[in-house]
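The values are calculated or read from the model by the stated rules, or taken from the named source; none is laboratory data. No experiment lies behind these values; they were computed from the predicted model shown. SASA here: full protein model, heavy atoms, side chains in, ligands and nucleic acids out. Shrake-Rupley method; radii C 1.70, N 1.55, O 1.52, S 1.80 Å.
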Amino acid sequence: MTQLESVDRSLHLLERGLSEAASSKALQWLSVPVPLLQAESLLAVEPHADAWYWSGGRDQEFVGIGVAKRLTGHGPDRFESIDRQLQELWSSLEPHASAPAGAPEPRVVGGFAFQSGRSSQAPWDGFGEGQLVLPRLTYTRREDRAWLTLAAAPQELSTAAERARFLNEAAQLVAAATAGKEPEREIAPGPYELAEPSAEEWRQQIDDVKRAILAGAFEKVVLARHVLVRFARELSAARVLARLRESSPNSPRFAFRVNGATFIGSPPERLLAKSGLRIETEAVAGSLPASDVGAAEQLLSDAKLLAEHAPVVQDLVERLRPVAELEPLPERPFAHRARHILHLKTPISATLRAPERALSLLSRIHPTPAVGGYPTAPALRFIAEHEADERGWYAGPIGWIDSADNADFAVALRSGVISGKQAHLYVGAGIVSGSDSDSELQETGWKLKVLLSALG
């Protein structure tokens, strides 16, 4: 079958499915197979619509365009509030009876702010403290197969005109799929300038943390560094994602666009993967540049880095033990490469003793000491009182949940918000008693390189 014939068949199947769904009284989920495409290019098809991109690596990715249903929450109970809305959504949704074999399960995508009450200022004011979205149109690729899925309320399909509008939107996306054009990576955004706190301000923050550690307030705090980059030309989320893919195709990538601002990144750390009763997470803390001679050996023997890593493992184990049987942990962390940085990593696998909702598990383990500190409560108070800029969704959970309550969430690190000609970039460093301010500033510099290079 030629590509044109494949496109015609996809649109014909979608048109037939829309007609069959017209009499339904439930929210519809309708999938049809479509040709393969460079998924991030779809973000440019409807540049003003809210949109989402997620890739766990080389073998899967999906893009959501528009909003069929948005679930929001704020305050300390935001995870529980959104989960109640999510269960109501799944009970009201009706997958189409003739879904093709292997078609994707209904899925919502989104994320949460690092802390409640700390995402009201620009660039975070449109994101809120937590939201999950059921996209209006979703392109899903698994290895060499792809689908286009439509989510629509019954009133949106009740007339021929409404169904034709949906079909036209889908046709535009399929046309993008068959155009064979990737985002234009060769167009750089031109000259830029950086605005950031001075090195002296950074040293002062670290000294404040070390004094608090010496006084017994906590053992570790993770400080965030915010850098504003202003460019001569507008930035393209699709091009940034394309550069991230090209530089490391097996690394996770995400983008979430709300009201014209796009939160984008390539996180090195999984927070939660859930499949039935099986769950996986990982402790990731302690970093060195991968280019340093003997970096892996130094990483595994550096007392300061091991001291930074150990509380993350301990805390995750303590939080999961009440609800799950944990598998034996490795005797020591290993060196994991994420792009040009090596991290200490300890994988943690477990089986739930009884079903527990994915969002309940997220609430249980977020934030880990890898992004907040240890013990958690006093570290979070210090961050809220001393960091000059709101973190928003930086270092918060970001990912997806399907209708079977399977989920995959990363920690939103190596990330920033692009809007127009500006990029707000965020990186962090774990501060313990043995930290050196110049070394910690240098560490945030390596981490910034991931996004600075992706910005062009």
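Enter the angle in degrees (range 0 to 90, nearest 10) between the Cα long axis of helix 303-320 and the first principal axis of the Cα atoms of the chain, meaning the one along which they spread out most.
Relative to the chain, helix 303-320 is tipped by roughly 50 degrees.
Sort largest first and round to whole Å: the equivalent ellipsoid semi-axes of the range 39-129, each the square root of five times a Cα gyration tensor eigenvalue.
Ellipsoid half-lengths, sorted descending, are 26, 20, 12 Å.
If you line up the long axis of helix 437-455 against the longest principal axis of the chain, both from Cα atoms, how many degrees apart are they, to the nearest 10?
20
Could you tell me what percent of the accessible area of the chain is made up of carbon and sulfur, with a 1.4 Å probe and every protein chain present?
50
Take Lys69, Lys274 and sort them by solvent-accessible surface of the protein heavy atoms, 1.4 Å probe, largest at the top.
Result of the area sort, largest leading: Lys69, Lys274.
Find the lysine pairs in the chain meeting two conditions, Cα atoms under 24 Å apart and a separation of 8 or more places or different chains, and report how many there are.
Lysine pair count for the chain: 17.
Which value, in Å² and to the nearest 10, is the accessible area of Tyr139 when all protein chains are kept and the probe is 1.4 Å?
Probe radius 1.4 Å; accessible area of Tyr139 about 10 Å².
Using a probe radius of 1.4 Å on heavy atoms only, what accessible surface per residue do you get for the range 254-400? Whole Å² is fine.
37
With axes computed from alpha carbons, what is the tilt in degrees of helix 78-92 against the longest principal axis of the chain, rounded to the nearest 10 within 0 to 90?
20
Could you let me know the centre-to-centre spacing of the range 399-439 and the range 281-355, using Cα atoms, in angstrom?
The distance from the Cα centre of the range 399-439 to that of the range 281-355 comes to 17 Å.
Taking only DSSP H segments of four or more residues, each worth -39500 (n - 2.57), what value at 222 nm results for the chain once the sum is divided by all its residues, to the nearest 500 deg cm²/dmol?
-10000 deg cm²/dmol
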